[in-house]
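Each reported figure results from applying straightforward, stated rules to the coordinates on display, with no laboratory input. Since we're looking at a predicted model, the values are computed, not measured. Ideal geometry is used to build each Cβ from the backbone, glycine not excepted, and the neighbour counts take in all protein chains shown.
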Amino acid sequence: MTPSGSDKTVAIASDHGGFALKEALRSDLEALGYSVDDMGPDTDDSVDYPDFGRALAEAIADGAAPRGVLVCGSGIGMSIAANRHAGVRAALCHDGLSARLSRQHNDANVLVLGGRLIGVETARDCLRIFLETPFEGGRHGRRVEKLG
Ligand code: RB5
């Protein structure tokens, strides 16, 4: 799917454990025509994932970017960090099915990946499916509204 209009921006951030995968996915996003807001870090030096998870979650919550991608070693810390913010629905995904369901059922707006757990090709599948799959709405809409 070709991105268009305000949907074109994707924010991305990681910690050192997710840095290599972030770099690979940023290149993929750019090649697909997305406007990428890389919120860091710029090297694989050790950093604290809550700092980068918070910055990206605030960008989503503020509307600066409609979608985001977070990567840490396991994906767990970034999920916890991002989901502390109202309006952020961050989904830790391990394969294409979890990425598809995160969109269809949960209207996830942040894809979270574990850079030390997932292979790069599976991560690419997750990213593509996350970006292309619409929310189903209906009964899922009612449930997502209850999340606040
Ligand atoms: C960093 O060593 C690691 O703890 C972090 O990347 C992440 O897996 C935390 O959940």
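Couple of notes before you dig in:
- Residue-wise HN-Hα couplings along region 59-65, as the Karplus relation 6.51 cos²θ - 1.76 cosθ + 1.60 with θ = phi - 60° gives them from phi, are 5, 5, 4, 7, x, 5, 9 Hz; Gly and Pro carry x.
- Our summary gives the chain a relative contact order of 23 percent, counting only alpha carbon pairs under 8 angstrom and 6 or more residues apart.
- Peptides 63-75, 90-102 ordered by average Cβ neighbours within 10 Å, highest first: 63-75, 90-102
- Per residue, the average separation of C-alpha pairs within less than 8 Å and at least 6 apart gives region 91-140 a relative contact order of 49 percent.
- Net +/- balance of residues flanking P134 in space, Cβ distance below 11 Å, scoring K and R +1, D and E -1: -1
- For region 38-47, 3J(HN,Hα) per residue [Karplus equation, 6.51 cos²θ - 1.76 cosθ + 1.60, θ = phi - 60°, Hz, x = Gly/Pro]: 7, 8, x, x, 9, 9, 9, 4, 5, 9
- Judged by the gyration tensor of its Cα atoms, with axes a ≥ b ≥ c, region 27-78 is oblate; a/c meets the 1.5 cut and b/c is at least as large as a/b.
- Chain lengthening between V120 and D95 when straightened (0.36 nm per residue, less Cα-Cα): 7.9 nm
- Fraction of the pair-distance distribution of the chain above 26 Å, Cα-Cα pairs, percent: 14 percent
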